[in-house]
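Bear in mind these aren't lab numbers, they're just calculated from the coordinates by the rules spelled out. Keep in mind it's a predicted model, so treat the numbers as computed, not measured. Here the Cβ positions follow ideal geometry from the backbone for every residue, glycine too, while neighbour counts run over all protein chains shown.
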Amino acid sequence: MDFRGAGRVQALSRLISSEKLADIACDHAYISIGALLSGGARRAVACDLNPGPLSRAARNLARFGLSERCETRLGGGFSPLRPGECDQAVIAGVGGRLAACIISEGLETARAMSRLILQPQSETPDFRRFLHGAGFKILNETALFDGGKYYNIIEAAQGAEPAYSDKEYLFGKILLDRKDPALAAHLAGRAEKMRLFPQTSAELRGKINFLEETLKWLM
C-alpha cells in the first residue's frame, strides 16, 4: 500500500488476528485493507459516522478487490454492528477523548470483543486511565514513529489489573518496563525541544529534569 501513514497502518494491521474485524471510524479503510491483505482478518466491517470518508473507503476496498470481504456501514462508533458480530475492533486516528466516548457509548459491544486495538492521537495518559476505569486490561503497547510523529498503539480487553503509577499512565507501563527505544527517543526529543526555549522557568526546568531522569532509567 502506498499512502500517508503507511507505517502506522501496517503496525496496526500486524496486531490484528480476527475472523471479522470492526474498523471503527474507519476513514479510508486502510486498516481493514491492510488486515485483509495480510491475512490478519478474514472479513471486516468498516464503519464511519460521515458519508464522505465511507465513500472513499468503499472505493479503496474496490481498488484492492476487497468489496466482498469488507462491508461499509454508516454510523457512529459501535452502533452499526450487530451484537457479537465481530470478534475484534480497531479504533485509530482519533483523539483519546473521542476514542473513550466511542467505547463508553458502545461499552457492552466493546467488552464482548476478544481484543481492542487502539491508537489514540492525543490525550493518551488520560485514555489509559479511562481503560482501567471502564474495566479493561492493557495487554500490550507498541510505540513507533511514522513520518516523524510518535504514536502509541494499545491492545486491551475486558479484565482488571492493578492501577498504574502516575508515570506509568503518562508514558505507558509496558513501554517503561520494556525500556522501549521508541519511547526513549520520543522523550529525548521532547527534552531537547524544551532546552531550546530562550528562557527556562523553574516549571520548565522541572519538566526537563523529569524527562532526563526517566531517560536515564530507560537507557
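Per-structure values
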{"quantity": "Linear extension gain, K149 paired with L49, 0.36 nm per residue minus alpha-carbon span", "calculated": "33.4 nm"}
{"quantity": "Listed residue pairs exceeding 22 Å between alpha carbons, taken from K137/K207; K20/K149; K137/K193; K193/K216", "calculated": "K137/K207; K20/K149; K137/K193"}
{"quantity": "Whole-Å distance, taken between Cα centres, linking the range 108-140 and the range 177-219", "calculated": "26"}
{"quantity": "Sorted by Cβ density within 10 Å, fewest first, the residues R8, R42, R128, R190", "calculated": "R42, R190, R8, R128"}
{"quantity": "Order of T214, T142, T200 under a 10 Å beta carbon neighbour criterion, fewest first", "calculated": "T200, T214, T142"}
{"quantity": "Two-site label geometry, L204 and Q121: point separation in nm, points 7 Å out along Cα→Cβ", "calculated": "2.8"}
{"quantity": "Percent RCO, i.e. relative contact order, over the chain, from Cα pairs under 8 Å lying at least 6 residues apart", "calculated": "15"}
{"quantity": "Added length on full extension, which subtracts the Cα-Cα distance from 0.36 nm per residue, S67 to S38", "calculated": "8.9 nm"}
{"quantity": "Extended-chain gain in nm, criterion 0.36 nm per residue less alpha-carbon gap, M194 and M219", "calculated": "7.0 nm"}
